[in-house]
1. Which one of B:F129, B:F156 is of a type in the set (F, W, Y) and within 19 Å of B:L38 (Cα to Cα)?
2. Residues B:G94, B:G75: which one is out of contact with any Phe, Trp or Tyr (no Cβ under 7 Å at 6 or more places or on another chain), on the phi > 0 side of the Ramachandran plot and open to solvent by less than 70 Å² (accessible area, probe 1.4 Å)?
3. Which is assigned to a strand (DSSP E or B) and touching a residue at least 12 places away in the same chain (Cβ under 8 Å), of B:A106, B:A133?
4. May I ask you to verify whether A:R107 is open to solvent by 70 Å² or more (accessible area, probe 1.4 Å), out of contact with any Cys (no Cβ under 7 Å at 6 or more places or on another chain) and not polar (S, T, N, Q)?
5. Can you find a residue that is within 14 Å of chain B (Cβ to nearest Cβ) and touching a Leu at 6+ places or on another chain (Cβ under 6 Å) anywhere in the stretch A:127-141?
6. Failed condition for A:E176, given (1) open to solvent by 30 Å² or more (accessible area, probe 1.4 Å); (2) modelled with pLDDT under 95; (3) farther than 30 Å from B:S167 by Cα, with all others met?
7. Say we look at the stretch B:110-126 and pick out the residues that are among the basic types (K, R) and more than 23 Å from the chain's Cα centre (by Cα); which of these is surrounded by the fewest Cβ atoms within 10 Å (Cβ to Cβ)?
8. Looking at the structure I just gave you, is B:S154 open to solvent by less than 70 Å² (accessible area, probe 1.4 Å), more than 18 Å from B:I58 (Cβ to Cβ), of a type outside the set (D, E) and part of a helix (DSSP H, G or I)?
Number of protein chains: 2
Amino acid sequence: MSKVEKAVAKQENTQVYDLETRSRDDHHQSLKLWLRMLSCTVMVEAEIRSRLRAEFDITLPRFDLMAQLERHPDGLRMGELSKRMMVTGGNITGITDQLEQEKLVARVAVANDRRAYTVKLTAAGRRTFKRMATVHEAWIAELFSGLQHEQKNSMFELLSQVKSHLSTSTTIEEEE
Amino acid sequence: MSKVEKAVAKQENTQVYDLETRSRDDHHQSLKLWLRMLSCTVMVEAEIRSRLRAEFDITLPRFDLMAQLERHPDGLRMGELSKRMMVTGGNITGITDQLEQEKLVARVAVANDRRAYTVKLTAAGRRTFKRMATVHEAWIAELFSGLQHEQKNSMFELLSQVKSHLSTSTTIEEEE
């Protein structure tokens, strides 16, 4: 192999190496980002879970279920409700049964479908949820107060970009 | 009440109102940010969960447990392991038993404490995990490829700021 050939081969090797390194760096950067995001989410969720229990004696899945119903005043079928839940680990039928006994939600028959029903918040359920939601919102503001207003906007935009890419590239349905 | 008094009172009311509005807006902005972050996290987690199952026939909690052990070559006690897990819903003792049967982890006695033991990856466990981790990292890179390199850096910085505020303002321990 001539000197030139050797130089070309070396150059090519370097380029391949650079590409591989860059790809490894990109992978590593994304993984770091994901782990940090996951870790923040887990921390906020754990804090909210513990405050909801201490302040309102309510579990996070139960709060989440009421939050989904509050956004859908016309009611949700169990399958829709289950898809929209943001936290895992709750037994949705069990929670619904409990809330129904406490008259905070009601099962309502669907017209023209004898076996189907939707779940709605009752007036008492809406009142109870609203009271908790105001406090919950203040907690979230406190937990995110490490960021300035503009930084929150930036982060929201970045997350929106992540989300819109996820919607096109994953097989699962959107959760929100 | 004189005209001036009325004007002052009106002015004061406006200021109070403005403050309340601003606080409501801030709360609302933080809540929007949190819900978007939670929704992205849930989407990524669901996608990874489904790919891990399809590709490696492994559950996310099991992958997570091996990932924590990989970061702690000296082994972890069950309590430490449980605190470090990033996903909920897994039965840690059950997963450990399974992995031990498959010779991917080992329970190792702690010197000078007859009842205590730590859990470690075996050599086979490390090899198996490494193979999965490389693929997992490529998935994460793909799922976050909606962001440019610089945007990922920005988001990492913003999340770090959120996390460091969370560490000072919550009662829970850090998860990562």
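The values are calculated or read from the model by the stated rules, or taken from the named source; none is laboratory data. Source: prediction; values computed, not measured. Neighbour counts run over all protein chains shown; Cβ positions are idealised from the backbone, glycine included. These accessible areas exclude ligands, DNA and RNA; they are computed on the full protein's heavy atoms, side chains included. Shrake-Rupley method; radii C 1.70, N 1.55, O 1.52, S 1.80 Å.
1. Unique residue meeting the criteria: B:F156.
2. B:G75
3. The conditions single out B:A106.
4. The answer is no for A:R107.
5. yes
6. (3)
7. Within the stretch B:110-126, the match that is surrounded by the fewest Cβ atoms within 10 Å (Cβ to Cβ) is B:R115.
8. When the stated conditions are applied, B:S154 passes them.
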